[in-house]
Amino acid sequence: MNVIKVSGTSRTSAVAGAIAGVFRENKRAEVQAIGAIAVNQAVKALALAKSYLKEDGYDIVFIPEFVDVEIDGKVRTAIKFVVEER
């Protein structure tokens, strides 16, 4: 399963659709964002995905955690949201 990466310019509806699609397929999804604007977009997309999935009978929760990721040889701290069924 691939991690859904969110940037500050990501469209929330597109990310929400991706989250819902991955969750329907795997019953789990992971969303990663680096920076305040990206985290904001991710949270909005997660809320939208929750409503999409509720229509299909799923009740999901998102669990945030810090993760270190390497980008261009530098280690950065990201927020990862694990999406699971309640």
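Here, each number is a calculation from the coordinates, and none is a lab measurement. A quick note: this is a predicted structure, and the numbers were derived from the prediction, not measured. Cβ atoms come from the backbone with ideal geometry, glycine included; neighbour counts cover every protein chain shown.
Numbers at a glance
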item	result
Test for Val22: is it in contact with a strand residue (DSSP E or B) (Cβ under 7 Å, 6 or more places away or on another chain) and in a helix (DSSP H, G or I)	yes
Qualifying residue in the stretch 73-82 (condition: without any contact (Cβ under 8 Å) to a residue 24 or more places away in the chain, surrounded by fewer than 17 Cβ atoms within 10 Å (Cβ to Cβ) and either touching a strand residue (DSSP E or B) at 6+ places or on another chain (Cβ under 6 Å) or under 14 Å from Val6 (Cα atoms) (or both))	yes
Inter-residue pairs, beta-carbon under 6 Å, first free of Cβ contacts under 8 Å to residues at least 24 places away in the same chain and in the stretch 47-60, second assigned to a loop (DSSP other than H, G, I, E, B), 6+ apart	none
Residue count, the stretch 25-43 (criterion: outside any strand (DSSP E or B) and touching a Leu at 6+ places or on another chain (Cβ under 8 Å))	0
